[in-house]
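Student: I'd like to ask some things about the structure below.
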Amino acid sequence: MVVKDVREMRTGRLAALAVMVAVLLPASPAAAQMVSEARELAVGQAVARNFEKRPGFAENKACAEQILPIRDALVPHSGRLHLPYRVHILKLQEPNAAAVPGFVFVTNGMCQAGLSNHEWAFLLAHEIGHIAGKHTA
């Protein structure tokens, strides 16, 4: 996601609509639905272990304090409440985000972009939608 595009999402109505669309996206193809949840989460764990090694996880308390309550507000709308949605901040300066089963990753660069709560909601809903929709399965 490009910061310039995110900054264009300034109105509350448009941000709310974007959150709804991202979270309520239709499920991925039937083949992905056949992957067991245990396998999904194992893949997510493996990716997280690799990211922890390189580029590494950053300690960014201010960013975490801003985004974790937003994540907590979005997860109940995911349709897969029983899954973990851990958030880790990666030691990368490029503004970006990604998700794998059980994890949402945002970069330090995204944390430093000065996003509003509405913009974070859009970004996190998009990533949560990938997990809920089994897009990495």
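Student: Those residues that are touching a strand residue (DSSP E or B) at 6+ places or on another chain (Cβ under 7 Å), polar (S, T, N, Q) and closer than 15 Å to residue 124 by Cβ, I need them from the range 66-113; list them, please.
Tutor: Scanning the range 66-113 gives 96, 107.
Student: Looking at the range 7-45, which of the residues that are at pLDDT below 50, part of a helix (DSSP H, G or I) and small (Gly, Ala, Ser) is nearest to residue 81 (Cα to Cα)?
Tutor: If we take residues in the range 7-45 being at pLDDT below 50, part of a helix (DSSP H, G or I) and small (Gly, Ala, Ser), then 22 is nearest to residue 81 (Cα to Cα).
Student: Report those strands (runs of 3 or more DSSP E) wholly inside the range 46-137 carrying at least 1 residues which are exposed (fewer than 15 other Cβ atoms within 10 Å of the Cβ) and without any contact (Cβ under 8 Å) to a residue 40 or more places away in the chain.
Tutor: 86-90
The values are calculated or read from the model by the stated rules, or taken from the named source; none is laboratory data. All of these numbers come straight from a predicted model, not from anything done at the bench. Here Cβ is always computed from backbone atoms with ideal geometry, including for glycine, and neighbour counts include all displayed protein chains.
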